[in-house]
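Trainee: Could you have a look at this structure, given as C-alpha coordinates, before my questions?
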Amino acid sequence: MKQMIVGNWKMNGLDAPSRDLVSAIAQGLKAIANPPPVVVCPPFTQLGALSPLLKGTGIALGAQDCHHAPSGAHTGDISAAMLAEFGVEYVILGHSERRREHGELDETVREKTVAAMDAGLTPIVCIGESADQRAAGEYQDVVGWQIKGSLPDNFNGIVAYEPVWAIGSGVPASPQDIADMMGFIRAELTRQFGETGKTTRILYGGSVSGREAPTILPIAEVGGALVGGASLKADAFLPIVRAAIDL
(Lines give C-alpha, C1' and ligand atoms only; values in the text may rest on other atoms or scores of the structure.)
Protein backbone atom coordinates (compact mmCIF):
# COMPACT_ATOMS: atom_id res chain seq x y z
CA MET A 1 0.00 0.00 0.00
CA LYS A 2 1.31 3.42 -0.94
CA GLN A 3 0.72 6.72 0.75
CA MET A 4 -2.28 8.74 -0.41
CA ILE A 5 -2.07 12.32 -1.67
CA VAL A 6 -5.25 14.39 -1.34
CA GLY A 7 -5.63 17.83 -2.91
CA ASN A 8 -8.00 20.21 -1.11
CA TRP A 9 -8.78 23.01 -3.53
CA LYS A 10 -10.84 24.91 -0.95
CA MET A 11 -12.84 27.78 -2.54
CA ASN A 12 -10.79 27.85 -5.73
CA GLY A 13 -11.44 26.71 -9.27
CA LEU A 14 -13.71 28.04 -11.99
CA ASP A 15 -14.75 25.75 -14.82
CA ALA A 16 -12.00 26.05 -17.44
CA PRO A 17 -9.05 26.29 -15.01
CA SER A 18 -10.38 23.28 -13.07
CA ARG A 19 -10.57 21.16 -16.21
CA ASP A 20 -7.07 22.24 -17.19
CA LEU A 21 -5.72 21.40 -13.74
CA VAL A 22 -7.08 17.85 -13.59
CA SER A 23 -5.89 17.24 -17.14
CA ALA A 24 -2.39 18.38 -16.22
CA ILE A 25 -2.34 16.23 -13.08
CA ALA A 26 -3.60 13.21 -15.01
CA GLN A 27 -0.94 13.72 -17.66
CA GLY A 28 1.74 14.00 -14.99
CA LEU A 29 0.61 10.78 -13.32
CA LYS A 30 1.24 8.89 -16.54
CA ALA A 31 4.95 9.61 -16.15
CA ILE A 32 5.08 8.19 -12.61
CA ALA A 33 5.74 4.47 -12.31
CA ASN A 34 3.35 2.87 -9.82
CA PRO A 35 1.77 6.17 -8.71
CA PRO A 36 0.11 6.45 -5.30
CA PRO A 37 -3.64 6.92 -4.85
CA VAL A 38 -4.49 10.53 -5.62
CA VAL A 39 -7.68 12.38 -4.69
CA VAL A 40 -8.75 15.86 -5.78
CA CYS A 41 -11.39 17.74 -3.80
CA PRO A 42 -12.72 20.66 -5.86
CA PRO A 43 -15.60 22.95 -4.87
CA PHE A 44 -19.11 21.51 -5.16
CA THR A 45 -19.67 23.50 -8.36
CA GLN A 46 -17.00 21.52 -10.24
CA LEU A 47 -17.92 17.98 -9.18
CA GLY A 48 -20.29 17.30 -12.07
CA ALA A 49 -17.89 18.62 -14.70
CA LEU A 50 -14.79 16.88 -13.37
CA SER A 51 -16.26 13.48 -12.53
CA PRO A 52 -16.31 12.18 -16.14
CA LEU A 53 -12.88 13.68 -16.83
CA LEU A 54 -11.31 11.65 -14.02
CA LYS A 55 -12.50 8.25 -15.23
CA GLY A 56 -9.55 6.06 -16.11
CA THR A 57 -6.96 8.55 -14.84
CA GLY A 58 -6.26 6.97 -11.46
CA ILE A 59 -7.48 10.13 -9.75
CA ALA A 60 -10.41 9.79 -7.35
CA LEU A 61 -12.96 12.53 -6.76
CA GLY A 62 -13.49 14.00 -3.32
CA ALA A 63 -15.60 16.76 -1.79
CA GLN A 64 -14.92 19.26 0.97
CA ASP A 65 -17.97 18.81 3.21
CA CYS A 66 -21.45 17.32 3.46
CA HIS A 67 -24.54 17.75 5.62
CA HIS A 68 -25.42 15.13 8.21
CA ALA A 69 -29.01 14.73 6.97
CA PRO A 70 -29.86 12.72 3.83
CA SER A 71 -32.28 15.43 2.62
CA GLY A 72 -34.58 18.13 3.94
CA ALA A 73 -34.94 21.84 4.59
CA HIS A 74 -31.25 22.73 4.77
CA THR A 75 -30.77 25.66 2.42
CA GLY A 76 -27.37 25.77 0.78
CA ASP A 77 -26.26 22.35 2.02
CA ILE A 78 -25.28 19.17 0.17
CA SER A 79 -25.98 15.63 1.37
CA ALA A 80 -23.56 12.73 1.19
CA ALA A 81 -25.95 10.89 -1.13
CA MET A 82 -25.88 13.83 -3.55
CA LEU A 83 -22.08 13.67 -3.58
CA ALA A 84 -22.12 9.93 -4.23
CA GLU A 85 -24.42 10.47 -7.20
CA PHE A 86 -21.70 12.58 -8.82
CA GLY A 87 -19.11 9.83 -8.38
CA VAL A 88 -17.52 11.31 -5.26
CA GLU A 89 -15.61 8.68 -3.26
CA TYR A 90 -14.09 10.76 -0.45
CA VAL A 91 -15.22 13.73 1.62
CA ILE A 92 -13.19 16.01 3.89
CA LEU A 93 -14.94 16.65 7.19
CA GLY A 94 -14.11 18.80 10.20
CA HIS A 95 -11.43 20.87 8.47
CA SER A 96 -10.14 23.58 10.78
CA GLU A 97 -11.56 26.26 8.49
CA ARG A 98 -15.01 24.69 8.79
CA ARG A 99 -14.66 24.41 12.54
CA ARG A 100 -13.53 28.03 12.82
CA GLU A 101 -15.66 29.80 10.21
CA HIS A 102 -18.85 27.75 10.61
CA GLY A 103 -18.65 26.86 14.28
CA GLU A 104 -18.58 23.12 13.64
CA LEU A 105 -18.22 21.10 16.84
CA ASP A 106 -16.90 17.57 17.24
CA GLU A 107 -20.50 16.35 17.54
CA THR A 108 -21.34 17.94 14.18
CA VAL A 109 -18.32 16.33 12.55
CA ARG A 110 -19.30 12.98 14.03
CA GLU A 111 -22.82 13.22 12.58
CA LYS A 112 -21.43 14.12 9.16
CA THR A 113 -18.97 11.24 9.34
CA VAL A 114 -21.79 8.79 10.00
CA ALA A 115 -23.77 10.23 7.08
CA ALA A 116 -20.77 9.93 4.75
CA MET A 117 -20.17 6.31 5.67
CA ASP A 118 -23.87 5.50 5.29
CA ALA A 119 -23.71 6.90 1.75
CA GLY A 120 -20.70 4.75 0.89
CA LEU A 121 -18.17 7.59 1.01
CA THR A 122 -14.81 7.45 2.75
CA PRO A 123 -14.60 10.29 5.28
CA ILE A 124 -11.34 12.17 5.75
CA VAL A 125 -11.77 13.59 9.25
CA CYS A 126 -9.50 16.47 10.18
CA ILE A 127 -8.12 17.04 13.67
CA GLY A 128 -5.49 19.43 14.99
CA GLU A 129 -4.59 22.06 17.52
CA SER A 130 -4.34 25.85 17.30
CA ALA A 131 -1.23 27.91 18.02
CA ASP A 132 -2.57 28.90 21.43
CA GLN A 133 -3.38 25.31 22.35
CA ARG A 134 0.10 24.17 21.36
CA ALA A 135 1.75 27.02 23.25
CA ALA A 136 -0.27 26.12 26.34
CA GLY A 137 0.82 22.48 26.12
CA GLU A 138 -2.77 21.36 25.51
CA TYR A 139 -2.27 19.94 22.04
CA GLN A 140 -2.50 16.27 22.95
CA ASP A 141 -5.57 16.86 25.10
CA VAL A 142 -7.24 18.77 22.27
CA VAL A 143 -6.45 16.20 19.59
CA GLY A 144 -7.42 13.34 21.89
CA TRP A 145 -10.82 14.89 22.53
CA GLN A 146 -11.30 15.54 18.82
CA ILE A 147 -10.65 11.89 18.05
CA LYS A 148 -13.08 10.79 20.74
CA GLY A 149 -15.75 13.32 19.78
CA SER A 150 -15.50 13.36 15.98
CA LEU A 151 -15.21 9.66 15.15
CA PRO A 152 -18.13 7.24 15.63
CA ASP A 153 -17.57 3.84 17.19
CA ASN A 154 -17.83 2.13 13.79
CA PHE A 155 -15.43 4.58 12.10
CA ASN A 156 -14.09 3.38 8.78
CA GLY A 157 -12.16 6.13 7.10
CA ILE A 158 -9.11 8.35 7.13
CA VAL A 159 -7.83 10.79 9.74
CA ALA A 160 -5.92 13.94 8.74
CA TYR A 161 -3.74 15.70 11.30
CA GLU A 162 -3.55 19.39 10.48
CA PRO A 163 -1.66 21.56 12.95
CA VAL A 164 -3.82 24.66 12.56
CA TRP A 165 -0.91 26.96 13.27
CA ALA A 166 0.94 25.61 10.22
CA ILE A 167 -1.89 25.86 7.68
CA GLY A 168 -1.32 28.64 5.18
CA SER A 169 1.76 29.78 7.06
CA GLY A 170 4.25 28.34 4.61
CA VAL A 171 6.03 26.86 7.61
CA PRO A 172 5.19 23.22 8.37
CA ALA A 173 5.58 21.64 11.76
CA SER A 174 9.04 20.25 12.44
CA PRO A 175 9.67 16.57 11.67
CA GLN A 176 9.89 15.89 15.40
CA ASP A 177 6.57 17.66 16.05
CA ILE A 178 4.94 15.61 13.31
CA ALA A 179 6.46 12.34 14.52
CA ASP A 180 5.35 12.97 18.10
CA MET A 181 1.78 13.79 17.11
CA MET A 182 1.50 10.96 14.61
CA GLY A 183 2.60 8.51 17.29
CA PHE A 184 0.10 9.99 19.74
CA ILE A 185 -2.75 9.83 17.21
CA ARG A 186 -1.93 6.22 16.35
CA ALA A 187 -1.98 5.31 20.04
CA GLU A 188 -5.32 7.07 20.54
CA LEU A 189 -6.87 5.40 17.50
CA THR A 190 -5.66 2.01 18.69
CA ARG A 191 -6.99 2.64 22.18
CA GLN A 192 -10.39 3.67 20.84
CA PHE A 193 -10.79 1.27 17.91
CA GLY A 194 -8.48 -1.65 18.63
CA GLU A 195 -7.17 -3.50 15.58
CA THR A 196 -8.94 -1.11 13.21
CA GLY A 197 -7.13 1.82 14.80
CA LYS A 198 -3.78 0.17 14.12
CA THR A 199 -4.32 0.37 10.37
CA THR A 200 -6.36 3.57 9.96
CA ARG A 201 -4.61 5.81 7.45
CA ILE A 202 -3.35 9.09 8.95
CA LEU A 203 -2.59 11.97 6.59
CA TYR A 204 -0.48 14.99 7.44
CA GLY A 205 -1.84 18.35 6.36
CA GLY A 206 -0.08 21.59 7.15
CA SER A 207 1.51 23.67 4.38
CA VAL A 208 2.80 20.59 2.55
CA SER A 209 4.85 21.47 -0.51
CA GLY A 210 7.12 19.63 -2.90
CA ARG A 211 10.10 20.92 -0.96
CA GLU A 212 8.99 19.53 2.41
CA ALA A 213 7.26 16.35 1.18
CA PRO A 214 10.44 14.21 0.94
CA THR A 215 11.12 15.02 4.60
CA ILE A 216 7.56 14.71 5.91
CA LEU A 217 6.28 11.63 4.08
CA PRO A 218 8.89 9.14 5.40
CA ILE A 219 8.00 9.97 9.03
CA ALA A 220 6.57 6.98 10.89
CA GLU A 221 2.77 6.66 10.80
CA VAL A 222 2.37 9.27 8.02
CA GLY A 223 0.03 7.62 5.53
CA GLY A 224 0.03 10.45 3.03
CA ALA A 225 -0.67 14.15 2.76
CA LEU A 226 -3.64 16.49 2.69
CA VAL A 227 -2.43 19.29 0.44
CA GLY A 228 -3.92 22.77 0.26
CA GLY A 229 -2.37 25.58 -1.78
CA ALA A 230 0.14 23.35 -3.57
CA SER A 231 -2.73 21.30 -5.03
CA LEU A 232 -3.86 24.24 -7.18
CA LYS A 233 -0.98 23.93 -9.64
CA ALA A 234 0.07 20.69 -11.27
CA ASP A 235 3.75 21.57 -11.16
CA ALA A 236 3.48 22.10 -7.39
CA PHE A 237 1.24 19.10 -6.69
CA LEU A 238 3.00 16.43 -8.76
CA PRO A 239 6.33 16.62 -6.85
CA ILE A 240 4.38 15.74 -3.69
CA VAL A 241 2.79 12.81 -5.51
CA ARG A 242 6.23 11.63 -6.64
CA ALA A 243 7.50 11.81 -3.05
CA ALA A 244 4.91 9.29 -1.81
CA ILE A 245 6.38 6.04 -0.52
CA ASP A 246 5.24 2.47 0.15
CA LEU A 247 3.85 1.88 3.62
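Trainee: When you check Val171 against the structure, is it of a type in the set (A, V, I, L, M), modelled with pLDDT under 95 and surrounded by fewer than 19 Cβ atoms within 10 Å (Cβ to Cβ), yes or no? Even if it seems obvious, please write down each step before you answer.
Mentor: Numbers: of a type in the set (A, V, I, L, M): yes; modelled with pLDDT under 95: yes; surrounded by fewer than 19 Cβ atoms within 10 Å (Cβ to Cβ): yes.
It is true that Val171 is of a type in the set (A, V, I, L, M), modelled with pLDDT under 95 and surrounded by fewer than 19 Cβ atoms within 10 Å (Cβ to Cβ).
Trainee: Considering only residues that are out of contact with any Ser or Thr (no Cβ under 8 Å at 6 or more places or on another chain) and hydrophobic (A, V, I, L, M, F, W, C), look in segment 42-60 and name the one that is nearest to Ala234 (Cα to Cα). Let's see the steps before the verdict.
Mentor: In the first step, residues of segment 42-60 are kept if they are out of contact with any Ser or Thr (no Cβ under 8 Å at 6 or more places or on another chain); the result is 43-45, 47-48, 51-52, 54-60.
This time we only want the ones that are hydrophobic (A, V, I, L, M, F, W, C), so: 44, 47, 54, 59-60.
Values: Phe44: 20, Leu47: 18, Leu54: 15, Ile59: 13, Ala60: 16 Å.
My answer is Ile59.
Trainee: Another one. Taking into account only those residues within segment 186-239 that are polar (S, T, N, Q) and farther than 16 Å from Ala173 by Cα, which is surrounded by the most Cβ atoms within 10 Å (Cβ to Cβ)? Walk me through how you get there before you give the answer.
Mentor: Kept after step one, since they are polar (S, T, N, Q), are these residues of segment 186-239: 190, 192, 196, 199-200, 207, 209, 215, 231.
Restricting the remaining residues to those that are farther than 16 Å from Ala173 by Cα gives 190, 192, 196, 199-200, 231.
On the way: Thr190: 15, Gln192: 16, Thr196: 13, Thr199: 13, Thr200: 20, Ser231: 28.
My answer is Ser231.
Trainee: Which ones in segment 146-165 are of a type outside the set (A, V, I, L, M, F, W, C), more than 13 Å from Thr190 (Cα to Cα) and outside any loop (DSSP other than H, G, I, E, B)?
Mentor: Gln146, Gly149, Ser150, Tyr161, listed by residue number.
Trainee: Just one of (1) farther than 30 Å from Glu221 by Cβ; (2) exposed (fewer than 15 other Cβ atoms within 10 Å of the Cβ); (3) of a type in the set (D, E, K, R) trips up Glu101, so point out which.
Mentor: (1)
Trainee: If I filter segment 18-40 for residues that are aliphatic (A, V, I, L, M), more than 14 Å from the chain's Cα centre (by Cα) and over 19 Å from Arg242 (Cβ atoms), do I get at least one hit? Before the answer, list the steps.
Mentor: First pass over segment 18-40, keeping only residues aliphatic (A, V, I, L, M): 21-22, 24-26, 29, 31-33, 38-40.
Next, from what is left, pick out any that are more than 14 Å from the chain's Cα centre (by Cα): 21-22, 24-26, 29, 31-33.
From what is left, the residues that are over 19 Å from Arg242 (Cβ atoms) are none.
No, that holds for no residue.
Trainee: Out of segment 78-99, which residues are farther than 19 Å from Val159 by Cβ, within 18 Å of the chain's Cα centre (by Cα) and assigned to a helix (DSSP H, G or I)?
Mentor: Leu83, Ala84
The values are calculated or read from the model by the stated rules, or taken from the named source; none is laboratory data. Please read all numbers here as calculations on a predicted model, not as lab measurements. Every residue, glycine among them, receives a Cβ derived from its backbone with ideal geometry; neighbour counts consider all protein chains shown.
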